[in-house]
Amino acid sequence: MTAPLLRLTDVSYTYGSYLALNQVSFDVEAGQLVVLAGRNGAGKTTLLRCIAGWNQVTQGQVDLMGTSIYQAERSMRRNLILVPDTPPFYNDLTVGEHLQFIAQVNRLANWRGTAQDLLKRFGLTASQAALPAALSRGQRYKLALCMALLVDPQLLLLDEPFGPLDPFSAHQLWDDLWARRGRGKAVLLSSHQSPLNVRPDRYLFMEGGDVVADGTPDDLMDALHAGSNSLDDLLRATIEHAERQAPAQEA
Amino acid sequence: MLPVLWLRWKQIQGIFNYWLRLVDYDTKDQDIMNRAFGLYLVLFMAWWTAGMWAIAAGFIAQIGSALPAAAAQDVLTVMPTLVFVGQAILIMLKLRSSPYKLSSPDIAYVGGSPVQRTVPVTIGFFGDLVLPSVLSVVSISFVAVALNQRLGSMGAVMVALRSALAVIPVVALTWAVAWLVGLARMVAPGARRRSALWLAPVLLLPLPFVVPGVVAWPGNVLASILVGESVDLSVVTPVVLVAVALIALVSVMGSRVNMIDVADESLIYARLREIGNLRWMAPSVYRRARSQFQAATHKPVLHLPEAEGLAMLVARSALTYIRNPIDLLKLLFAVALVQGGLAMLAYQLPALLIVVWLYAVAVAPTSSLTRVFSADADDPSLRQFLPMDSLRLLLADAALPMALVILVSAVLWLLQPVPVMTALLGLVLIGLLTLLLVLCRGSSLLPLTSMRAHVSYGVLAVIGLGLTLGAGLLLGGMLAAVVAGALVVVVLASLVAAA
């Protein structure tokens with residue numbers, strides 16, 4: 001039996017005495033597009049940072065393609081990229097030079113066509129010669145997406161990708177991610193919002209550092225008695241469900 | 001004028017209050033115990049300052065006693081040129097952007113008000129003068145104590161006091177000249193559009209050879225007091241008069257400044273001021289923000305060359321330095337440190353000087369050696385795209401600045417009249433000391449231990465370079481320094497590789 005692309009086993013993380021993640025376990029298979037949702041402070045960003053190896057988990061294990069990321073930290077870099085919600089850049093390289101640098105330092109073959117295609121699709125062709133400091137927040141996020149999509153890792157992690165994007169670009173990104181899924185690559189993204197009328201393969205809902213609901217949109221709609229299988233309705237239903245459960249558990 | 005003065009006073013109060021609150025003193029609390037705590041703080045600070053000054057003066061006196069008799073004569077020769085070069089550099093800085101800067105609230109409420117422009121500009125000038133005056137007074141006092149040990153401790157202190165008083169008008173004159181030139185650029189039609197104008201003071205550098213009496217005059221006056229040659233402060237009177245006249249001209253020129261231009265050239269300053277005390281609490285965050293704001297105003301020159309793997313890292317590093325030539329100039333600090341260390345070993349200078357050298361190593365702005373690596377290592381978001389270990393990344397990123405420092409240091413070293421064996425060992429040491437500086441800088445940017453904690457550059461540099469130079473000084477040979485340096489390089493390199 002092959003190992004899942006990503007497996008989290010009882011992952012916990014604490015900031016000082018604050019428990020940000022509490023024994024989180026789940027798998028992500030190749031070719032899945034999974035949306036991680038939850039309220040502010042639910043632990044979504046911390047979870048993504050732990051998966052990417054930016055934060056060292058306090059307890060538990062993160063495996064990528066059957067290997068612990070802490071044992072093979074460098075070799076798994078090509079297979080896993082996280083785009084944070086406010087990505088940093090090299091102040092002295094232009095937009096085009098960022099893509100050239102990333103491609104050539106990673107010895108990517110035939111990268112020019114892909115880079116031009118990405119820049120065109122995300123509306124950055126005209127900004128190729130600009131420095132990142134001259135870009136708007138949305139454009140900066142698009143540049144970070146282009147860099148990540150150029151490397152094309154097995155698992156792409158995105159933190160709040162739709163927040164800085166206009167509706168057109170958000171749909172464009174969703175289409176790109178869906179296409180990646182079709183090529184057997186996985187995506188795990190955190191979001192409060194998603195483009196209209198799109199459905200991921202799975203939702204993972206977090207509350208207070210725990211994954212409180214995990215399933216396809218339709219399964220969750222039935223289980224939580226939500227009004228529809230949209231992200232808004234499912235999130236509301238999850239929170240209400242979690243709040244109903246909490247007093248019962250305390251009792 | 002009064003409202004602007006009141007505003008500045010409140011701002012200074014705000015800064016003081018912030019630091020006082022850090023030591024748990026609340027200036028608004030009228031409670032007797034709080035006031036008593038305030039008195040205790042004042043007394044403690046006075047005692048601490050006096051104690052520290054006495055310790056430092058004692059230490060400086062020991063170094064002064066070990067200095068050769070010709071040192072005072074050397075200062076007399078070098079000081080006027082140093083002062084002039086300092087003036088030229090300051091003029092360059094004030095020509096790069098408006099010498100008078102506005103913070104964000106100032107842009108809205110001072111620049112946007114119909115107040116006489118003379119008032120904020122003059123107040124801004126004096127505000128800009130405070131820190132360099134204090135630093136000059138402190139440093140010149142120590143130099144005076146070191147140079148005048150032959151006069152006895154009381155005599156040296158008297159020269160230090162006279163030098164401290166004399167340096168203030170020299171600093172004021174220097175700042176007034178720089179501000180006048182800077183304000184002239186703001187006022188002269190079309191001058192602001194000439195982006196290379198700030199390089200013009202380079203043309204002044206031959207002047208000490210053409211009219212030495214005029215341009216070296218303030219430096220000569222200061223040097224004569226510093227080495228105890230002039231005991232009468234009246235020689236400073238002409239400097240004071242010229243400084244006052246120039247400050248008056250700054251005020252007059254200030255009245256002609258257009259605040260729209262000043263606000264336009266204050267944008268980076270204003271945004272950095274918004275960071276506030278984070279500058280002191282988190283200097284790396286401040287530096288990153290500053291380089292981002294500065295980069296936003298640059299137009300990129302040249303293109304990233306074609307290369308792959310590690311060669312691409314070197315190519316990117318070269319492009320970054322070409323686009324930031326100031327960082328190349330800052331490498332001269334590293335050259336000076338390497339030369340200083342070599343001179344101590346080659347000429348077996350007093351071992352106590354190692355403390356001064358290590359202090360210089362710890363505080364000198366040599367971060368430009370690892371400017372590119374710092375961008376790679378600072379944030380995991382960019383680091384994740386670079387598929388090599390930290391040691392290879394550091395060496396590739398710092399290859400160009402290291403090569404430049406080694407090249408310049410080697411040329412300077414080979415110009416010295418030393419035996420062949422010493423020259424050869426010196427060349428090896430140049431490489432080792434440069435590599436150590438890079439490794440210490442690089443290591444400080446990475447979480448090194450199993451606790452993933454950062455060790456500061458100052459600690460790493462004092463230990464690493466202190467062991468190297470200390471071995472050479474204590475065992476009396478450059479070979480010992482080479483062996484010690486090589487061992488430290490191995491340890492630091494393995495720490496970086498494993499980080």
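Throughout, read-outs are computed from the coordinates displayed, never taken from laboratory work. Model, not experiment: these values are computed from the prediction. Ideal geometry is used to build each Cβ from the backbone, glycine not excepted, and the neighbour counts take in all protein chains shown.
What to note about this one:
- Order of B:VAL239, B:VAL202 - criterion: other Cβ atoms within 10 Å of each residue's Cβ, fewest first: B:VAL202, B:VAL239
- Under-30-angstrom lysine pairs by C-alpha in the protein assembly as shown, whenever the two are 8 or more apart or on separate chains: 15
- Taking a ≥ b ≥ c as the square roots of the eigenvalues of the Cα gyration tensor, the stretch A:3-107 is classed as prolate, since a/c reaches at least 1.5 and a/b is larger than b/c.
- Ranking of B:SER103, B:SER139 by count of other Cβ atoms within 10 Å, fewest first: B:SER139, B:SER103
- The stretch B:1-66 shape via C-alpha gyration tensor axes, a/c threshold 1.5: oblate
- Kyte-Doolittle mean at least 1.0 and Cα axial length at least 18 Å: DSSP H helices in chain B: B:32-66, B:71-96, B:118-147, B:152-187, B:237-254, B:310-323, B:325-346, B:390-414, B:420-444, B:457-474, B:478-498
- Taking a ≥ b ≥ c as the square roots of the Cα gyration tensor eigenvalues, the stretch B:293-332 comes out oblate, since a/c reaches at least 1.5 and a/b does not exceed b/c.
- Neighbourhood charge, 15 Å Cβ-Cβ cut-off, centred on B:TYR25 and excluding it, Lys, Arg +1 and Asp, Glu -1: -1
- Per-residue ellipticity at 222 nm from helix content only, as computed over chain B with -39500 (n - 2.57) for each DSSP H run of at least four residues, stands at -25000 deg cm²/dmol.
- From its DSSP helices (H runs of at least four residues, each -39,500 (n - 2.57)), chain A gives a residue-normalised ellipticity at 222 nm of -11500 deg cm²/dmol.
- Given +1 at the Cβ of Lys and Arg, -1 at the Cβ of Asp and Glu and no other charges, the dipole of the stretch A:65-188 around its Cα centre is 380 debye to the nearest 20.
- Centre-to-centre, using Cα atoms only, the stretch B:394-470 and the stretch A:192-212 are separated by 51 Å.
- In order along the stretch A:25-39, phi translates into HN-Hα couplings of 9, 6, 10, 10, 8, 4, x, 10, 10, 10, 10, 9, 10, x, 6 Hz, rounded to whole numbers, per the Karplus curve 6.51 cos²θ - 1.76 cosθ + 1.60 with θ = phi - 60° and x for Gly and Pro.
- Near the amide H of A:GLU207, within less than 5 Å, lie the amide hydrogens of A:VAL212, all on another chain or at least 5 residues away, with H placed in the peptide plane.
- Counting charges near B:VAL110 (Lys, Arg +1; Asp, Glu -1) among other residues having Cβ under 14 Å from its Cβ returns a value of +4.
- Convex hull per residue volume in Å³, alpha carbons only, for chain B: 195 Å³
- For q = 0.08, 0.15, 0.18 Å⁻¹, Debye-computed log10 I/I(0) when each Cα of the stretch B:310-498 counts as one equal scatterer: -0.25, -0.85, -1.19
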